[in-house]
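A.B. asks: Here's a structure for you.
The values are calculated or read from the model by the stated rules, or taken from the named source; none is laboratory data. Bear in mind that the values here come from a model prediction, so they are computed numbers and not experimental data. All Cβ positions, even for glycine, are placed from backbone atoms using ideal geometry, and neighbour counts span all protein chains on display. The area values use the complete protein model at the heavy-atom level, side chains included, leaving out ligands, DNA and RNA. Shrake-Rupley method; radii C 1.70, N 1.55, O 1.52, S 1.80 Å.
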Amino acid sequence: MASEYLPKQAEILSVKKETADTSRFRMKFVDPADREAFEYQPGQFVEISVMGAGEVPISITSSPLIDKGYFELCIRDTGKVTREIHKLGEGDIVGIRGPYGNSFDIKSMQGKEVLFVVGGLGLAPLRPVINGVVASRDEYKGVKILYGARTPGDMLFNEDLDEWSKIDGVEVLTTVDRADDSWKGNVGVVPKLFEKTEIEPKKTVAVICGPGIMIKFVMKDLLGMGFKEKDIWLTMERHMKCGIGKCGHCNIGTKYVCIDGPVFTFDQIKDLPDPY
Amino acid sequence: MEKVITTCPYCGSGCSYFLCVEDGKVIGVAPNRVHPISKGRLCVKGWNAHEFVHHPGRLTKPLIRKGGNLVEASWDEALDMVANRLKGIKEKSGSDSIGVLSSAKCTNEENFVMMKFARAVIGTNNVDHCARLCHASTVAGLARAFGSGAMTNSIDELEHADVILVTGSNTIEQHPLIAVRILKAVRDHGAKLILVDPRSIQLSKFAVIHAKHKPGTDVAWINGVMNVIINEGLADEEFIKTRTEGFEEMKKLVMDYTPEKVEEITTIPADTIREIARTYARASAASIVYSMGITQHTTGTDNVLSCANLAMITGNVGKPSTGVNPLRGQNNVQGACDLGALPVVYSGYQSVADENVRKKFSEAWGAEMPSAPGLTVVEMVNAAADGKLKGLYIMGENPMLSDPDLSHVKEGLEKLEFLVVQDIFLTETAELADVVLPAESYAEKTGTFTNTERRVQLVNKAVEAPGEARPDWDIVSDVARRMGYDMKYNSAEDIMTEINKLTPSYTGITYQRIRENWGLAWPCPTLDHPGTPYLHKDKFTRGLGSFHAVPFKPPAEETDDEYPFILSTGRMLEHFHTGTMTRRSDTLDREVPKGFIEMNPKDADAIGVRNNWPVRVTTRRGSVVTTARVTDGIPEKMLFMPFHFREAAANMLTNPALDPIAKIPEFKVCAATVEGVQ
Amino acid sequence: MAEKAYTVKLGDVSRLLGKIAKEKYDVIVPTTQDGDVLYLPFKDGMGVVMDHGNPLTPPKEFFLPQTDELVKYKKEGKGFKAEVAKSSLDCKRVLFGIRPCDVHALMCIDLPFKDTYDDSYYLQKRANTLILAMTCNEPGDNCFCASMGCGPDLDDNYDLLFTNIGDMLYVKVGTDEGKNLIDTAPEFFDEADKKDAKARSAKIKEVENKFKRKLDTKKLGRLKDKFDDPTWQEMADRCIKCGGCNYICPSCYCFNVVDRTYGDDGVRERSWDGCMLEGFTRMAGGANPRQANVERMKQRYYHKLQYFNDRYGRHLCVGCGRCTDVCPVEINMVDYVNKIIGGA
């Protein structure tokens, strides 16, 4: 019997420490046929498992355009399974199912400015989206990346932020909740960065990912600025088990975050009860 | 698929359900609608009571400490070692240098065998179990007042009480299927619920009066309530005259406890005391329900006597839907007491001080019976720390989480010459043992549990034990044989036959009868006796009910500048006792995966802590880091911690001061301080 | 399928099932054990209960067992080997006596379990199980299947459909497989005549009038404006968080997944879970979008009576009344929902 619950083996190629509690795991499927079959889009996630500890959904942080022959997951050590993953290193084998979920339709954003509003680990799923957009930079009116972390030490993908900021027409603004001595930049929550840049809501698409509380405030500001509901994209986080619309954990209203999302436009979720 | 009816291994309510068995594995639980207590309903623990059975951590082979580590051994090697070491200690240091902890989780049969082992094989009355930690004061107090230390009425009767006074019991969390009777009485039958508890709990929403007293002042508020009852002519003169003794002396004392004076001691407003008195005394059937909020104090016995006083003064004993109803914590804590796993009585509360009783057991068991009363749980730990107790045999108990002042417990256990622990998992206590013996869980064996309303019910084997695990009774008898005592049973039912012979209150309780009747409530003295749903009907067990004049005494440890908070400990819905089973149940451990401490928002503000932040709690015994749960359900300057979590063990902090009569520790009150941690 | 109908004598049912059991089928029947009615595998001499109140544990336990193995694995060096657990049903099975409401519940579960991805474990058990349904003659105290359009009769989705019409069962044939089953034991079946058919109709009509509870389904549309109704809080205050309403619901299909490793060998298994439990939506970091019990209470009722319908075109409640039967604090679904929507 075929089973969608059967994980495939993937080998960890490298582990790059991003912050004290977050690392980027590069991996590839052991079986070449699995490697061949694994096609994903920005915004999708996989179910990664360590046998004995269990399985968790993690969004894919690599870009199908750039990263060939492997994929990457950026994982924070927060629970039983992720703690076990963090004990693994090069050559260890994990279980992978997926890719699951829908993705960002970045083609539909062409001709507009794309405004990324990101908090903390939220940069992990948006990284391939940003890479996708900047790869065809000319197709878009402009790119703004507003990124906030708790402390300077919690900033992810510093090299990418650097690279992106060097691209013509890409503006990168960062902030931290709590600064340290080394930090010379902005201090405060992400929505405060709106004051630091010019936004033309009618000509802009917003893409959001971050903690629920951040999303709540950002959403209020964007709607206040006059963004159309259809022009606000976000990717949502929920407790998930199966990843394929069965187990019910990620159900909100009529939606399953795992198969109908995790990517939604605001008009799709605004009527759902307590979406974030 | 097969479905095997059995009795729940968690609280004392005594619910029943089917274990669903597929390919030799317990895969689920199915309720049974005709069972008189559960009636097709269960709490979240019951619904998930299959999950720990096949947990990978189950002990499957005996373990022996070698070179500092516990390593697998054969049964022969392990049992010979246990027998030889215990024998050696007995010969060298005497029988009373060995102690035995029996178990409120094990069956009646196993408790009987274990107490027989202590008395007939070791030759000591040093046998006790964790009833000492929950309801020793009930057993002592109600025996003094009524002559029988158990719940006076049955669970179903609560539904028809017109006033229910709940104190020191978070009933919805601790005894969910008993609490539902209270909720039904309130909603469907118009009963009035009086709640006396320092914290807001789910029951508060259904109470007409919720009095929040200062922890440790129970005697005072009850005396105050009786003061009002007497002064307002609400006492049941007829009942007092015909059924009781000692009233006048008590009355003299109670006259001092005016509501105003009581308000000063307890913080309950004087008018609320009056209101409680009037509501309770005017009821035609009023029932008192209490649990460890009453018993776990250095004044635990006093508190229980006060509850008995209150019931008698209003004539609320010996009738349906009335009485004094201690809710027993463990599935078989009632049975473990009934079967004599206590240092002063044999099965059926037959006193070891009584020569005729000793003679009866000596003859039946072919061994000289010791006459000196034995040590209680906490006393055994103290004796071990003092070097007087040298050997300890623990069956299915986990003092390394359940007992007060864990540093002291550890010191005592480590000082022992020999510690053997018999359990289903490698508990915190088993980790310290010289020998660990793997036992069967409730799903793997047959026997009986006695619930809090004295109903003796069957536990049925559903699946085979993992690895080489054996039933507790079988292991204990094997050790006995290896020590030269001929103890041989073919089955648990075999043991029950011996219990029937030696225990008047259990004489009529046979497997066949309890299979046909969903159990029988003791006393059940003959094979045709229908059992006894409520006690003391026309006459108290001791003859006349006895009033006791009980003056208020403060807790052993009061707050001061250094330790300005009152710390209270207790339990919660999703976990049970030391978490040996619930923390190994995936669903239950997911529901509440870590320990916490409740504190008032004002106190949290004062120390700069928010909900879910880490805090350090410190008492004179020790210090523990846990998570703050900020709630206005708890009064200012009070803290509450569940004790289920080894990572944040509340009993590192608790005070081992004992009630002088019942020897129960004061888990409910100690002085503490709390601070935020980075 | 306009097929011939049959009758079976009540006294022959046990022998009929015995014969079917010998014909390579596993047979599951309602029977009495320890005083209650349960579904159990048929064994020779077992009493089959015909006029039973519905068993409290629903037949979903045979399709989505309380615990079911998904994947077996073996840890090896730096990795593992994994294979599909062989817990699924690979022989044919007959489920006798399943009530119309519970057949509808399976039809409910079919929808998400075929949505986007197939849940092969469940679907294989469904495909391999013949549904020998039986209409009810006595609705239970909390039954309201008629309100939900899930009883007392059943229009389709059965292989055979039985109705107790006195001293015999009237048998309707729903599928070829059902007909084949009759052909394996023809000696037990007589062709039904018009009188029998009339008796059946009369019986169904009689039962329709016996329901004590009715959910005012016409007004369910009002739920969408009742999200802030104080009644939800009243229900949540009373609820003792047992999860029983989820576990015992024939159409609740949510599950948890856990790994259990014994030495190097392990199994990934799923088990019934419920939206009434606090940990159901709590995320690894501790944030919980449905922290308060009242939010979970609403999730359960809205999923049953609005969300599922919006997505799949039918309600996720079949009116079996089990959630009320099993509720320790007697939160009566029909009473409370009617109160909220202003229904009768």
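A.B. asks: For B:SER200, which of the numbered conditions (1) within 14 Å of chain C (Cβ to nearest Cβ); (2) open to solvent by 20 Å² or more (accessible area, probe 1.4 Å); (3) part of a helix (DSSP H, G or I) fails to hold?
C.D. replies: Going through (1) within 14 Å of chain C (Cβ to nearest Cβ); (2) open to solvent by 20 Å² or more (accessible area, probe 1.4 Å); (3) part of a helix (DSSP H, G or I) one by one, B:SER200 breaks only (3).
A.B. asks: Out of C:ARG282, C:ARG311, report the one residue that is within 7 Å of another protein chain (Cβ to nearest Cβ), under 21 Å from C:ALA236 (Cα atoms) and open to solvent by 30 Å² or more (accessible area, probe 1.4 Å).
C.D. replies: C:ARG282
A.B. asks: Moving on to the next point. Which members of the range B:151-185 meet the condition of being under 22 Å from B:TRP221 (Cβ atoms) and open to solvent by 20 Å² or more (accessible area, probe 1.4 Å)?
C.D. replies: B:ASP162, B:GLN174
A.B. asks: In the range C:267-279, which residues are in contact with a strand residue (DSSP E or B) (Cβ under 6 Å, 6 or more places away or on another chain) and either facing chain A (nearest Cβ under 8 Å) or hydroxyl-bearing (Ser, Thr, Tyr) (or both)?
C.D. replies: Those that are in contact with a strand residue (DSSP E or B) (Cβ under 6 Å, 6 or more places away or on another chain) and either facing chain A (nearest Cβ under 8 Å) or hydroxyl-bearing (Ser, Thr, Tyr) (or both): C:ARG268, C:ARG270, C:SER271, C:ASP273.
A.B. asks: If we only count strands (runs of 3 or more DSSP E) wholly inside the range C:1-59, which ones have 1 or more residues that are within 28 Å of C:ARG322 (Cβ to Cβ) and within 14 Å of chain B (Cβ to nearest Cβ)?
C.D. replies: C:26-33, C:36-41
A.B. asks: A follow-up question, please. It is to be established whether one or more residues within the range B:666-676 are open to solvent by 60 Å² or more (accessible area, probe 1.4 Å), touching a residue at least 40 places away in the same chain (Cβ under 8 Å) and outside any strand (DSSP E or B).
C.D. replies: So far as the range B:666-676 goes, no, none of its residues is open to solvent by 60 Å² or more (accessible area, probe 1.4 Å), touching a residue at least 40 places away in the same chain (Cβ under 8 Å) and outside any strand (DSSP E or B).
A.B. asks: Scan the range C:243-266 for residues that are more than 10 Å from chain A (Cβ to nearest Cβ) and open to solvent by less than 10 Å² (accessible area, probe 1.4 Å) and jot them down.
C.D. replies: C:GLY243, C:GLY244, C:TYR247, C:ILE248, C:PRO250, C:SER251, listed by residue number.
A.B. asks: Among the listed residues A:LEU156, A:LEU146, which satisfies the condition of being closer than 24 Å to A:VAL205 by Cα and in a loop (DSSP other than H, G, I, E, B)?
C.D. replies: A:LEU156
A.B. asks: Tell me, which strands (runs of 3 or more DSSP E) wholly within the range A:68-138 include 2 or more residues that are more than 30 Å from B:ASP589 (Cβ to Cβ) and touching a helix residue (DSSP H, G or I) at 6+ places or on another chain (Cβ under 9 Å)?
C.D. replies: Result: A:113-119.
A.B. asks: With respect to the numbered conditions (1) in contact with a helix residue (DSSP H, G or I) (Cβ under 9 Å, 6 or more places away or on another chain); (2) farther than 30 Å from B:GLY396 by Cα, which one is the sole condition not fulfilled by B:PRO635?
C.D. replies: The failed condition is (1).
A.B. asks: Looking at (1) among the basic types (Lys, Arg); (2) open to solvent by less than 60 Å² (accessible area, probe 1.4 Å); (3) within 11 Å of chain C (Cβ to nearest Cβ), which one does A:ARG24 not meet, given that it meets all the others?
C.D. replies: (3) is the only condition that A:ARG24 fails.
A.B. asks: Residue by residue through the range B:356-386, note down the ones that are part of a helix (DSSP H, G or I) and on the phi > 0 side of the Ramachandran plot.
C.D. replies: Across the range B:356-386, there are no qualifying residues.
A.B. asks: Within the range B:444-468, track down each residue that is over 11 Å from B:THR107 (Cβ atoms) and surrounded by 24 or more Cβ atoms within 10 Å (Cβ to Cβ).
C.D. replies: Across the range B:444-468, the qualifying residues are B:ASN451, B:THR452, B:GLU453, B:ARG454, B:ARG455, B:ALA462.
A.B. asks: Select from the range C:314-344 the residues that are more than 20 Å from the chain's Cα centre (by Cα), modelled with pLDDT of 95 or more and either more than 14 Å from chain B (Cβ to nearest Cβ) or open to solvent by 20 Å² or more (accessible area, probe 1.4 Å) (or both) and list them in ascending order.
C.D. replies: Within the range C:314-344, C:GLU330, C:ASP335, C:TYR336, C:VAL337, C:ASN338, C:LYS339, C:ILE340, C:ILE341 meet the criteria.
A.B. asks: In this structure, does A:GLY224 turn out to be open to solvent by less than 80 Å² (accessible area, probe 1.4 Å), without any contact (Cβ under 8 Å) to a residue 12 or more places away in the chain and farther than 21 Å from A:ILE259 by Cα?
C.D. replies: So A:GLY224 passes the test.
A.B. asks: Given the conditions (1) within 14 Å of chain C (Cβ to nearest Cβ); (2) of a type in the set (S, T, N, Q); (3) open to solvent by less than 10 Å² (accessible area, probe 1.4 Å), which single one is not true for A:GLN9?
C.D. replies: Exception for A:GLN9: condition (3).
A.B. asks: Inside the range C:167-211, can you point out the residues that are among the β-branched types (Val, Ile, Thr), outside any helix (DSSP H, G or I) and either open to solvent by less than 20 Å² (accessible area, probe 1.4 Å) or not assigned by TED's automatic domain parsing to the domain that holds C:ASP141 (or both)?
C.D. replies: Within the range C:167-211, C:VAL171, C:VAL173 qualify.
A.B. asks: So if I check each of C:ALA133, C:ALA82, which one is part of a strand (DSSP E or B) and either surrounded by fewer than 20 Cβ atoms within 10 Å (Cβ to Cβ) or within 14 Å of chain A (Cβ to nearest Cβ) (or both)?
C.D. replies: Of the residues listed, the single one that is part of a strand (DSSP E or B) and either surrounded by fewer than 20 Cβ atoms within 10 Å (Cβ to Cβ) or within 14 Å of chain A (Cβ to nearest Cβ) (or both) is C:ALA82.
A.B. asks: Which one of these is in a loop (DSSP other than H, G, I, E, B) and of a type in the set (A, V, I, L, M): B:ILE268, B:ILE240, B:ILE222, B:ILE230?
C.D. replies: B:ILE268
A.B. asks: For the range C:119-130, indicate whether the set of residues that are facing chain A (nearest Cβ under 10 Å), aliphatic (A, V, I, L, M) and crowded, with 20+ Cβ neighbours inside 10 Å is non-empty.
C.D. replies: Within the range C:119-130 (the criterion being facing chain A (nearest Cβ under 10 Å), aliphatic (A, V, I, L, M) and crowded, with 20+ Cβ neighbours inside 10 Å), the answer is no, since none of the residues qualifies.
A.B. asks: For the range A:252-275, give me each residue that is of a type in the set (Ser, Thr, Tyr) and either within 11 Å of chain C (Cβ to nearest Cβ) or crowded, with 23+ Cβ neighbours inside 10 Å (or both).
C.D. replies: A:THR254, A:TYR256
A.B. asks: Exactly one of these conditions fails for B:VAL345: (1) closer than 29 Å to B:PRO533 by Cβ; (2) open to solvent by less than 20 Å² (accessible area, probe 1.4 Å); (3) in contact (Cβ under 8 Å) with a residue 12 or more places away in the chain. Give me its number.
C.D. replies: (3)
A.B. asks: Go through the range B:613-622 and give me each residue that's open to solvent by 30 Å² or more (accessible area, probe 1.4 Å) and either part of a loop (DSSP other than H, G, I, E, B) or in contact with a helix residue (DSSP H, G or I) (Cβ under 7 Å, 6 or more places away or on another chain) (or both).
C.D. replies: B:TRP613, B:ARG620, B:ARG621 - these are the residues of the range B:613-622 that are open to solvent by 30 Å² or more (accessible area, probe 1.4 Å) and either part of a loop (DSSP other than H, G, I, E, B) or in contact with a helix residue (DSSP H, G or I) (Cβ under 7 Å, 6 or more places away or on another chain) (or both).
A.B. asks: Looking for whichever is buried (at least 19 other Cβ atoms within 10 Å of the Cβ), more than 16 Å from A:LEU126 (Cβ to Cβ) and away from every other protein chain (no Cβ under 14 Å) here; the options are A:VAL46, A:VAL81. Which one fits?
C.D. replies: None of the others qualify; the one that does is A:VAL46.
A.B. asks: Here's something else I'd like to know. Which of (1) facing another protein chain (nearest Cβ under 9 Å); (2) out of contact with any Asp or Glu (no Cβ under 9 Å at 6 or more places or on another chain); (3) in a loop (DSSP other than H, G, I, E, B); (4) in contact (Cβ under 8 Å) with a residue 24 or more places away in the chain does C:ILE240 not meet, given it meets every other one?
C.D. replies: (2)
A.B. asks: Scan A:ILE167, A:ILE213 and give me the residue that is surrounded by fewer than 18 Cβ atoms within 10 Å (Cβ to Cβ), in the same structural domain as A:LEU115 (by TED's automatic domain parsing) and in contact with a Lys or Arg (Cβ under 9 Å, 6 or more places away or on another chain).
C.D. replies: Only one candidate passes the filter, namely A:ILE167.
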